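The values are calculated or read from the model by the stated rules, or taken from the named source; none is laboratory data. Keep in mind it's a predicted model, so treat the numbers as computed, not measured. A quick note on method: Cβ atoms are made from the backbone with ideal geometry, for glycine too, and the neighbour counts reach across all protein chains shown. The protein model used for the area step is the full one, side chains on, heavy atoms only, and it has no ligands, DNA or RNA in it. Shrake-Rupley method; radii C 1.70, N 1.55, O 1.52, S 1.80 Å.
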Amino acid sequence: DCDGCQVDFKDGGTLKALIDFTGSNVEIQSRVTDADLLFRGQDGGSFITALTLDMSDAGTANFNHDIKLVDNGVARFGAGEDLLIFHDGSNNYIISNTSNQDLLIQGNDGGSTITALSFDMSAAGAATFNNNVTCNRVSTTDGITDTGQGGSATVFNESGSTADFRVESTSNTHMLFVDGGLNRVGINS
């Protein structure tokens, strides 16, 4: 019980580390330039380093294994909590928490960083893909628009399979119908 003091740890008279109780916080300090802080313990009889705080890299945390957050535990990124990632027990969330800041998904393509997918938050989350999109099914609530950039055409059934294509009206499920197997076009039939 040091009553609001500082506890020094020395080696040969040289201060190596200290625990400071003098302020409102408890501080653990490595006092040797670039000396890392290690959290070590026993795992199944083996001595392991669970966490290293790299003091030569501004305190970067290097975990030996997983980081686990319980349901509703939030990973918060940025000084203003600009990005949040969490799971609520039922759904997964990635939240861009700053007004009009886009959400980008990037990767490495032959040594160059590319944005594969971006969500424009100033346009209600409009998604822009960098290249072709391949999926099993597309469902829209407000139609499909082809901007015709680069003089390209909108192509359905490009691989030439027997897939059909139809357009519905308010009272007819086959207002316009293309039969890919029979090479026929029908209207209202």
Go through the chain and flag any cysteine with no other cysteine's C-beta closer than 4.7 Å, please.
Cys135
Order by accessible surface, 1.4 Å probe, largest leading, for residues Lys16, Lys10, Lys68 comes to Lys68, Lys10, Lys16
Accessible area of segment 1-52 belonging to carbon and sulfur atoms, whole % at 1.4 Å probe
47 percent
At what distance in nm do the modelled label points of Thr113 and Phe39 sit from each other, each positioned 7 Å from its Cα along Cα→Cβ?
2.8 nm
Taking the dipole about the Cα centre of segment 33-124, with the C-beta of Lys and Arg at +1 and of Asp and Glu at -1, give me whichever of Gly59, Ala75, Gly44 is farthest to the positive side.
Gly44
Given the Cα-Cα distance of Asp3 and Val32 and 0.36 nm per residue of separation, how much length would full extension add, in nm?
7.9 nm
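Dipole of the chain, Cα-centred, from +1 at each Lys and Arg C-beta and -1 at each Asp and Glu C-beta, to the nearest 20 debye?
Numbers: 9 positive and 25 negative charges, 117 e Å.
It works out to roughly 560 debye.
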How much accessible area per residue does segment 34-189 have, in Å², with a 1.4 Å probe?
80 Å²
Quote the convex hull volume per residue of segment 58-168, based on C-alpha atoms, as a whole number of Å³.
244 Å³
The base-10 log of I(q)/I(0) that the Debye equation returns for the chain at q = 0.12, 0.13, 0.15 Å⁻¹, one scatterer per C-alpha, is -0.96, -1.06, -1.22
Given labels modelled 7 Å from the Cα in the Cβ direction, how far is it in nm from Asn72 to Asp20?
3.6 nm
Taking only the alpha-carbon positions of segment 1-89 and ignoring solvent, what does the Debye formula give for the base-10 log of I(q)/I(0) at q = 0.15, 0.19 Å⁻¹?
-0.89, -1.11
About the Cα centre of segment 53-152, what is the dipole size in debye to 20, counting +1 per Lys and Arg Cβ and -1 per Asp and Glu Cβ, all else neutral?
180 debye
